[in-house]
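Colleague: The structure that follows is given in the form of structure tokens.
The values are calculated or read from the model by the stated rules, or taken from the named source; none is laboratory data. Values in this document were obtained by computation on a predicted structure and should not be read as measured data. FYI the Cβ positions are ideal-geometry reconstructions off the backbone, even for glycines, and counts take in every protein chain you see. All accessible areas refer to the heavy atoms of the entire protein, side chains included, with ligands and DNA or RNA removed. Shrake-Rupley method; radii C 1.70, N 1.55, O 1.52, S 1.80 Å.
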Amino acid sequence: DKGEYRHFMLKEIYEQPRVIKATMEGRVTNTRVLEQALGTDAENLLENVRHVQIIACGTSYHAGMVARYWIEELAGVPCSVEVASEFRYRKHVIQQDTLFLCISQSGETADTLAALRQAKKAGFRAALAICNVPGSSLVRESDLVIMTQAGPEIGVASTKAFTTQLTALLIFTLALARQNGLPEEQEAEIVKAIHLVPGQVSDVLALDGEIAEMSKAFMDKHHSLFLGRGSQFPVALEGALKLKEISYIHAEAYPAGELKHGPLALVDSEMPVVTVAPNNDLVEKLKSNLEEVRARGGELFVFADKMANVKPDEGIHVMQLPSVHPITAPIVYTVPLQLLSYHVAVLKGTDVDQPRNLAKSVTVE
Ligand code: F6R
């Protein structure tokens, strides 16, 4: 039931503060992650993990890409991320003491399951699943499971599944990081930041009207670029995927530093450039990327922390977002991009909940 909402996708976007909170529930105190909440033998299985191999598809793959930044930064454990359809069809080497981590909303994605089954034959330390559907094949075949509490996701374009996957992945990262010597104060600082996320997401939802206004600029465009740096690069990828899926506008995401290495050639007044720029140590670099776009007549749409001091100007539209901790920023910054895609699709009159050619669960190759 869509209730008061025009589409399931919009309803699911608005459910995010609640389902992110539900995904934290029972797994974190005010200052700590409760490792036991990840499973009775979690401590054992996470001990001596030397490598994390993440496997997923689509939006879930983007969640895995964000997690890689967290796992390497906080736990200091090397992490690889690969799309399941690639992993399963190449000769791969499973390093010793690898934790094999599959991320899937449905738990029935054929390629992800095939990758897990193959890796099992090769041997690894443990299989962890981050999944939204209880009793799914992925849940049944894994040693450890962290259920996202997104509830059923009806819209084909994944929204609340993604932000709850990120929440679960950050909680997992902290559990792994503790095993690897993350100081208590740092854990407490990040756990406190996680508690702020539902409220920050609500603050972003309050910008819906402004984002709807912004979306008008995309209606008659055929192409768009999305830029981000660091853990916001996967957020840019996810923003671009949402836009192409539901509005059928060609959208490409690049790490902002790659701009000069090719995509800058595409930039002109017909190419809107969307940038996610929270206030972290990369923001100054990002600002110079923005100037490069501006100098070529590209119109910029910047989602930035109000502290980042990105100034609106001719051709630079700035949407100020709440100040967020750099670690939790990818969760919060995903939301305005979901809303942007949603409104562009509504303006274009596409079938938002059932985009052409796509299925919710890809159970065949
Ligand atoms: C995009 C989308 C897909 C899925 C992908 C994986 O909005 O929904 O890209 O993320 O098909 O599905 P799961 O997570 O069920 O394995």
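Colleague: What is the one condition in (1) on the phi > 0 side of the Ramachandran plot; (2) of a type outside the set (Lys, Arg); (3) modelled with pLDDT of 85 or more; (4) open to solvent by 80 Å² or more (accessible area, probe 1.4 Å) that residue 309 does not satisfy?
Modeller: Result: residue 309 fails condition (3) only.
Colleague: Restricting to the stretch 50-89, name every residue that is farther than 16 Å from residue 230 by Cα and of a type in the set (Val, Ile, Thr).
Modeller: Result: 52, 54, 55, 59, 77, 83.
Colleague: Okay, next question. Return yes or no: is residue 277 within 19 Å of the chain's Cα centre (by Cα) and modelled with pLDDT of 95 or more?
Modeller: For residue 277, the condition - within 19 Å of the chain's Cα centre (by Cα) and modelled with pLDDT of 95 or more - is not met.
Colleague: Which one of these is touching a residue at least 24 places away in the same chain (Cβ under 8 Å), away from the ligand (no atom under 16 Å from the Cβ) and among the small types (Gly, Ala, Ser): 269, 247?
Modeller: Only one candidate qualifies: 269.
Colleague: Follow-up. Can you name the helices (runs of 4 or more DSSP H) wholly within the stretch 165-247 that have at least 3 residues being under 27 Å from residue 131 (Cβ atoms) and within 20 Å of the chain's Cα centre (by Cα)?
Modeller: Values: elements: 184-205, 208-215, 233-247.
Hits in the stretch 165-247: 184-205, 233-247.
Colleague: Looking only at the stretch 61-106, which residues are polar (S, T, N, Q), more than 16 Å from the ligand (Cβ to nearest atom) and over 17 Å from the mean Cα position of the chain (by Cα)?
Modeller: If the condition is that a residue be polar (S, T, N, Q), more than 16 Å from the ligand (Cβ to nearest atom) and over 17 Å from the mean Cα position of the chain (by Cα), then 95, 96, 98 are the ones that fit.
Colleague: What tally of residues in the stretch 1-25 results from selecting those that are open to solvent by 50 Å² or more (accessible area, probe 1.4 Å), in a loop (DSSP other than H, G, I, E, B) and touching a residue at least 24 places away in the same chain (Cβ under 8 Å)?
Modeller: Residues in the stretch 1-25 being open to solvent by 50 Å² or more (accessible area, probe 1.4 Å), in a loop (DSSP other than H, G, I, E, B) and touching a residue at least 24 places away in the same chain (Cβ under 8 Å): 2 in total.
Colleague: If a residue must be more than 14 Å from residue 54 (Cβ to Cβ), touching an Asp or Glu at 6+ places or on another chain (Cβ under 9 Å) and within 15 Å of the ligand (Cβ to nearest atom), how many such residues does the stretch 118-147 contain?
Modeller: Going through the stretch 118-147 one residue at a time, the tally reaches 4.
Colleague: If you don't mind, there's one more thing I want to ask. Determine whether residue 179 is more than 16 Å from the ligand (Cβ to nearest atom) and not hydroxyl-bearing (Ser, Thr, Tyr).
Modeller: yes
Colleague: Kindly indicate the residue of the stretch 138-182 that is open to solvent by 10 Å² or more (accessible area, probe 1.4 Å) and of a type in the set (Ser, Thr, Tyr) and also farthest from residue 62 (Cα to Cα) among those meeting that condition.
Modeller: Filtering the stretch 138-182 for residues that are open to solvent by 10 Å² or more (accessible area, probe 1.4 Å) and of a type in the set (Ser, Thr, Tyr), the one farthest from residue 62 (Cα to Cα) comes out as 142.
Colleague: Turning to a different aspect of this structure: Within the stretch 336-349, identify whether any single residue is open to solvent by less than 60 Å² (accessible area, probe 1.4 Å), at pLDDT below 85 and either more than 16 Å from the ligand (Cβ to nearest atom) or assigned to a loop (DSSP other than H, G, I, E, B) (or both), and answer yes or no.
Modeller: Taking every residue of the stretch 336-349 in turn, none turns out to be open to solvent by less than 60 Å² (accessible area, probe 1.4 Å), at pLDDT below 85 and either more than 16 Å from the ligand (Cβ to nearest atom) or assigned to a loop (DSSP other than H, G, I, E, B) (or both).
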